[in-house]
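Participant: Have a look at this one.
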Amino acid sequence: MLQIEGWKRVLIALTCVMGLLLAVPNGFYTRVEQHNDAVQAIALMGEDVPEAQIPADLRADRDQWPGWMPSSLVNLGLDLRGGAHLLAEVQVEDVYASRMEASWPEIRDLLRAERATIGTIRLQPSEPDELRIRIGEPSALQTALTQVRTLARPVQTLTGVGANDIVVRAEGTDTIVVTLSEEERLASDQRTVQQSLEIVRRRIDEVGTREPTIQRQGTQRILIQVPGIGSAAELKEIIGTTAQLTFQPVVNRTSDPDAVPGVGNELVPSLDEPGLFYVLETAPVVTGEDLVDAQPAFDQNGNPAVNFRFNTSGARRFGDYTAENIGSPFAIVLDNEVVSAPVIQSHIPGGSGIITGNFTVEESTNLAVLLRAGALPAELIFLEERTIGPELGQDSIDAGKVATMVAFAAVLVFMALSYGLFGLFANVALIINIGLIFGLLSMIGATLTLPGIAGIVLTVGMAVDANVLIFERIREELKTSKGPARAIELGYEKALSAILDANITTFITAVILFAMGSGPVRGFAITLGLGILTSVFTAIFVTRLLVVIWFERRRPKTIEV
């Protein structure tokens, strides 16, 4: 019998309604987008913020769309929305110098324990990627070399198995030279680029942009594409700021910009007091890498500031230093400028504090964002930058709309002329199919690009293939003098295997394209794969339900397909 159980009918209808509801916000894109942005901005203000304290423009944008309605949108890619494109190269050599600077205090403390044997210990002028240390007793050079070599650690990579991270050698009769091994340099390059990529991603995510593309290219380059941002310069400002935070001991203060800080020290200008310079120990007590949180706040005088909190190891080092240096000043250094240099009044064991300075509210908020995202381990050099205007994206959207509408109209006309009433049923299913595709894209937060639109256009043509197979099979069954009900039932049963075979092979192709491709290829694969799923659902279930409902009401003696 040609029939569908009641629970199946309800399930099919609910699936179609839910899919179409999820797709509806895309018909009011700008309004829903403004609503979502306002809801996010209000959420950042805090859960308990009174309604009266919410700015009027945010309330107006929030109320543009009902809160009970779905508000997920299909994200538009760079080629549709416009935005910025950057290709950056990571200066991995910067990390070598940082590693050498950080290792000097450890080497110094280790050799101090042997001072009776090796004599004086002096750091000599060195290349950025090495340390040169002169000792007072040349006869004890081998003893000093042996001590420093105990600091070597195995390289933590498969390609560096058996190698150590530093190479310690003698030069002359009284000088120790410490450099990174080649294996450690390769491992460091890999870590630096990966860390830079993750920090760039966090910084962009903090700003709230939609669906950025951030991926590695080659060994030292990062491709960054962010839809919806104003310009490449704006994007560079977000990701190019170093926000390097350190807490360093203060040696002295001076107004002489040409003062020689001495070996192991550096001269850093004051941010708030022009003409004032601080002589600081190069090796920091704690760095921004130990931060676990940073939030905009206000100090006791009501001025904008930033609260910070260290992780366990950073809190311990910070606490130990403050306990041992009560009464001494220490400097909070941000991007090679001393933000403040307070005197340690007491032991600070909690691992938290506050950064004060001549900040505006916006500057304190941006600083907190950058500190939370972390400091870039090395400088980024931008090799290529492009700004794609929204008008170009609009042209792409318009062209995509025209292509989709032409394909859609042609398919509707063909089905109606070829299969009559059954063709109209297929057309209704095709309209539902398009709605389901956009509903699924909205639900998973997919990004729609020009190749994605091409996938939807292709799906429009493919969506009726299953119906064509079914209707042609029904025609063949009618020729064998079977009744209308039996012909329809056999048509769906015998066409099912061909429908599944054809769509499964195409779906496998879409999966391979998604797994092996990147960027635009993945966008095409996603829309093609989802289109296959929805077209099979609408052909096998939706069209059949429409045919069954019509047949139950009319009970025709003959049918024409």
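Participant: So which lysines can LYS557 reach, going by Cα to Cα under 19 Å and dropping same-chain residues fewer than 8 places off?
Facilitator: Cross-link targets: LYS479, LYS482.
Participant: Helix 484-516 against the longest principal axis of the chain: what's the angle in degrees, Cα atoms only, rounded to the nearest 10?
Facilitator: So the inclination is approximately 20 degrees.
Participant: If you average the C-alpha positions of region 117-149 and of region 241-315 separately, how far apart do those two centres end up, in angstrom?
Facilitator: 30
Participant: Then there is this: So I have (i) 112, 61, 41; (ii) 106, 53, 42; (iii) 83, 61, 43, and one of them is Cα extents along the principal axes in Å calculated from this model. Which one is it?
Facilitator: Only one listed value fits the structure, namely (i).
Participant: Across region 93-184, how large is the tail of the calculated P(r) beyond 15 Å, expressed as a percent of all Cα pairs? Intermediate results must be reported in sequence, preceding the final value.
Facilitator: Working: 2414 of 4186 pairs.
It works out to 58 percent of all Cα pairs.
Participant: Calculate the dipole size of region 244-351 relative to its Cα centre from +1 charges on Lys and Arg beta carbons and -1 charges on Asp and Glu beta carbons; express the result in debye to the nearest 20.
Facilitator: The calculation lands at about 340 debye.
Participant: I would also like to ask the following. Among VAL343, SER181, VAL24, pick out the residue whose Cα is farthest towards the positive end of the charge dipole of the chain, where Lys and Arg carry +1 and Asp and Glu carry -1 on C-beta, about the Cα centre.
Facilitator: About the Cα centre, the residue reaching furthest to the positive side is VAL24.
Participant: In degrees from 0 to 90, rounded to the nearest 10, what is the angle of the helix 465-479 Cα long axis to the longest principal axis of the chain?
Facilitator: 20
Participant: With every protein chain left in place, what is the accessible area of VAL32 in Å² (1.4 Å probe, nearest 10)?
Facilitator: 0
Participant: Solvent-accessible area per residue for region 93-184 at a 1.4 Å probe radius, Å²?
Facilitator: 55
Participant: At q = 0.14 Å⁻¹, work out log10 I(q)/I(0) for region 15-89 with the Debye formula, treating every Cα as an identical point scatterer and leaving solvent out; two decimals please.
Facilitator: Evaluating at q = 0.14 Å⁻¹ gives log10 I(q)/I(0) of -0.60.
Participant: When the accessible area of the chain is computed with all protein chains present and a 1.4 Å probe, what percentage of it is carbon and sulfur?
Facilitator: It is 56 percent, rounded to a whole number.
Participant: Just to verify a number: FRET efficiency for SER328 and ASP258, C-beta to C-beta distance, R0 = 45 Å, to 0.05? Can you show the working numbers first?
Facilitator: Numbers: r = 26 Å, r/R0 = 0.57.
Efficiency for this residue pair is about 0.95.
Participant: Projected area of region 1-158, taken from the Cα convex hull and averaged over every viewing direction, in nm²?
Facilitator: The Cα convex hull of region 1-158, projected and averaged over all directions, gives 23.5 nm².
Participant: Could you provide, to the nearest whole Å², the per residue accessible area of region 393-505 with probe 1.4 Å?
Facilitator: Heavy-atom accessible area per residue stands at 44 Å².
Participant: Would you mind getting me the FRET efficiency between ARG554 and THR509? Use the beta-carbon distance for r and R0 = 45 Å, nearest 0.05.
Facilitator: 0.65
Participant: Please report the antiparallel percentage of the DSSP beta bridges confined to the chain, to the nearest 5. Don't jump to the answer; show the numbers that get you there.
Facilitator: Values: 68 of 71 bridges.
Counting only bridges with both partners in the chain, antiparallel ones make up about 95 percent.
Participant: Just how far, in whole angstrom, is region 6-71 from region 389-468 if you go by their alpha carbon centroids?
Facilitator: Using only Cα atoms, the two centres lie 25 Å from each other.
Participant: Classify region 398-454 from the C-alpha gyration tensor, please: rounded if a/c falls under 1.5, else prolate or oblate depending on whether a/b exceeds b/c.
Facilitator: Since a/c reaches 1.5 but b/c is at least a/b, the shape of region 398-454 is classed as oblate.
Participant: A further question follows. Provide the descending list of Cα extents for region 244-351 along its principal axes, expressed in whole angstroms.
Facilitator: That gives 37, 30, 25 Å along the principal axes, largest extent first.
Participant: Relative to the longest principal Cα axis of the chain, at what angle does helix 520-537 sit, 0 to 90 degrees, rounded to 10?
Facilitator: 30
Participant: For GLN190 paired with ASP395, estimate the spin-label separation in nm (one decimal), with each label point 7 Å from Cα along the Cα-to-Cβ line.
Facilitator: So the two model labels end up 4.4 nm from each other.
Participant: State to the nearest 20 debye the size of the charge dipole of the chain about its Cα centre, where the only charges are +1 on K and R beta carbons and -1 on D and E beta carbons.
Facilitator: 3160
The values are calculated or read from the model by the stated rules, or taken from the named source; none is laboratory data. Bear in mind that the values here come from a model prediction, so they are computed numbers and not experimental data. Here Cβ is always computed from backbone atoms with ideal geometry, including for glycine, and neighbour counts include all displayed protein chains. To get the accessible areas, we keep the full protein, side chains included, count just its heavy atoms, and leave off ligands, DNA and RNA. Shrake-Rupley method; radii C 1.70, N 1.55, O 1.52, S 1.80 Å.
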